[in-house]
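The values are calculated or read from the model by the stated rules, or taken from the named source; none is laboratory data. Only a predicted model underlies this, so the values are computations on that prediction, with no experimental measurement involved. Positions of Cβ are backbone-derived with ideal geometry, glycine not excepted, and every protein chain shown enters the neighbour counts.
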Amino acid sequence: MKVQIKDGVSFECDNDFLLRSALEQGLGFPYECASGSCGNCRFELLSGDIDYPHGQPGILSEKDLERNRHLACQCVPKSDLEIKVRLFDQYEPVHNPSRFIGKLVAIEQVTHDISEFRFETNAEQVFEPGQFALIDVPGVEGARAYSMCNVGGTPGYWDFQIKKVPGGAATSALFGEVTLGLECAINGPYGRGYFRGFRGRDIVLIAGGSGLSPMVSVARAIDAASGSRSTEKVSFFYGGRAAQDIAGEQFLSGMSGYGDWITYEAALSDVSDTGAINVFEGFVHDLAKQRLGEGLR
């Protein structure tokens with residue numbers, strides 16, 4: 001089906017989500033999460049019919065609906081469409097996302113509720129460190145967005161550090177029912193928050209919980225590119241509630257710059273946890289602010 005952008009280009013979208021088709025064809029359609037949570041991919045429907053396979057997104061307000069605004073990442077065209085949306089150069093994908101099959105070949109525990117899942121693929125698709133993908137877990141309705149933790153400059157493996165969500169359908173399956181050899185549909189890469197090389201400024205990586213994965217990916221890319229570094233320093237801050245939640249240092253300690261220009265520090269919000277040793281008491285953003293001060297501006 002043809003999707004015509006008012007006063008702009010057109011693209012094809014056949015039985016697929018509007019945003020996914022636009023990005024696969026290299027268009028700079030605005031978005032952030034690609035999973036219905038942020039609302040950045042809103043567009044105005046001028047003509048035609050759409051459907052929401054997983055139900056109308058709760059993020060759409062009454063005013064949105066009155067103005068015929070919809071989420072491109074969640075809707076599928078049922079006819080040719082004319083829409084109104086502003087495209088931006090900065091949203092044009094550095095790698096057009098694609099769809100392929102990944103076979104689960106390894107699972108490694110990171111913390112009590114985070115594990116690293118390695119998927120092997122024959123696809124030629126690559127990604128930038130810090131990007132994410134949408135994974136369809138068999139038997140679970142709807143794709144889930146997970147960030148990669150490896151560097152991704154060459155095809156072959158897509159690794160994800162995933163946090164178990166209590167009651168979550170996808171993570172309950174991944175952590176409890178799956179076996180090696182499981183095949184999942186993967187769609188990606190997505191995301192604009194990726195490592196763009198050394199630019200003469202210090203780099204700050206801040207994460208907590210499931211945010212560990214993309215920061216590990218960026219840190220690994222920094223280590224791999226260390227030969228092009230001049231004087232930049234890297235500060236990695238990670239926050240958790242209890243001592244058992246803390247992670248990240250194990251992925252940095254083997255890097256050549258660790259302890260010199262790469263540093264790591266953890267923050268713990270539950271100060272009653274007697275298992276915590278040598279960690280900052282408080283939230284991770286407060287730790288970064290205290291350590292770097294005006295340098296964060």
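Considered as a group, the residues in region 158-178 that are touching a residue at least 40 places away in the same chain (Cβ under 8 Å) and over 19 Å from Arg241 (Cα atoms) include one that is farthest from the chain's Cα centre (by Cα), and that residue is Val178.
For region 46-72, which residues satisfy the criterion of being crowded, with 16+ Cβ neighbours inside 10 Å and farther than 14 Å from Leu87 by Cα?
Taking region 46-72 as the starting set, the residues that turn out to be crowded, with 16+ Cβ neighbours inside 10 Å are 48, 50, 57, 60, 64, 69-72.
Selection gives Gly48, Ile50, Pro57, Leu60, Asp64, Arg69, His70, Leu71.
Give Gly239, Gly227 a once-over and let me know the one that is out of contact with any Cys (no Cβ under 6 Å at 6 or more places or on another chain) and either in contact (Cβ under 8 Å) with a residue 24 or more places away in the chain or hydroxyl-bearing (Ser, Thr, Tyr) (or both). Walk me through it before giving the result.
Numbers: Gly227 fails: either in contact (Cβ under 8 Å) with a residue 24 or more places away in the chain or hydroxyl-bearing (Ser, Thr, Tyr) (or both).
Sole residue among the options that is out of contact with any Cys (no Cβ under 6 Å at 6 or more places or on another chain) and either in contact (Cβ under 8 Å) with a residue 24 or more places away in the chain or hydroxyl-bearing (Ser, Thr, Tyr) (or both): Gly239.
Number of residues in region 220-248 that are in contact with a strand residue (DSSP E or B) (Cβ under 8 Å, 6 or more places away or on another chain) and closer than 26 Å to Asn96 by Cβ: the value is 1.
For region 41-58, how many residues are polar (S, T, N, Q) and within 12 Å of Gln74 (Cα to Cα)? Matching residues across region 41-58 total 1.
Ser272 fulfils the conditions (1) among the hydroxyl-bearing types (Ser, Thr, Tyr); (2) at pLDDT 95 or above; (3) part of a loop (DSSP other than H, G, I, E, B) except for a single criterion, (2).
Considering region 101-117 alone, what residues qualify as being closer than 30 Å to Gly28 by Cα and buried (at least 18 other Cβ atoms within 10 Å of the Cβ)? Explain how you work it out, then say what you get.
Just the residues of region 101-117 that are closer than 30 Å to Gly28 by Cα, to begin with: 101-102.
Gly102 - this is the single residue of region 101-117 that is closer than 30 Å to Gly28 by Cα and buried (at least 18 other Cβ atoms within 10 Å of the Cβ).
Scanning region 1-24 for residues that are under 20 Å from the mean Cα position of the chain (by Cα) and either surrounded by fewer than 18 Cβ atoms within 10 Å (Cβ to Cβ) or outside any loop (DSSP other than H, G, I, E, B) (or both) gives Leu18, Leu19, Arg20, Ser21, Ala22, Leu23, Glu24.
For region 257-267, check the following and say yes or no: at least one residue is surrounded by fewer than 20 Cβ atoms within 10 Å (Cβ to Cβ), touching a residue at least 12 places away in the same chain (Cβ under 8 Å), out of contact with any Lys or Arg (no Cβ under 7 Å at 6 or more places or on another chain) and of a type in the set (S, T, N, Q). Looking for residues that are surrounded by fewer than 20 Cβ atoms within 10 Å (Cβ to Cβ), touching a residue at least 12 places away in the same chain (Cβ under 8 Å), out of contact with any Lys or Arg (no Cβ under 7 Å at 6 or more places or on another chain) and of a type in the set (S, T, N, Q), one finds at least one in region 257-267, hence yes. Of the residues making up region 194-210, those that are under 21 Å from Gln250 (Cα atoms) and either free of Cβ contacts under 8 Å to residues at least 40 places away in the same chain or not in a helix (DSSP H, G or I) (or both) are Phe195, Ile203, Val204, Leu205, Ile206, Ala207, Gly208. Of all residues in region 135-145, those satisfying the criterion of being more than 15 Å from Glu183 (Cβ to Cβ) and surrounded by 17 or more Cβ atoms within 10 Å (Cβ to Cβ) are Arg144, Ala145.
Among the residues of region 118-133, those identified as in contact with a Gly (Cβ under 6 Å, 6 or more places away or on another chain), buried (at least 21 other Cβ atoms within 10 Å of the Cβ) and touching a residue at least 60 places away in the same chain (Cβ under 8 Å) are Phe119, Phe127, Gly130, Gln131, Phe132. Just to verify a result, which residue in region 27-45, among those that are over 13 Å from the mean Cα position of the chain (by Cα) and aromatic (Phe, Trp, Tyr), is surrounded by the fewest Cβ atoms within 10 Å (Cβ to Cβ)? Residue satisfying both the conditions and the ranking: Phe43.
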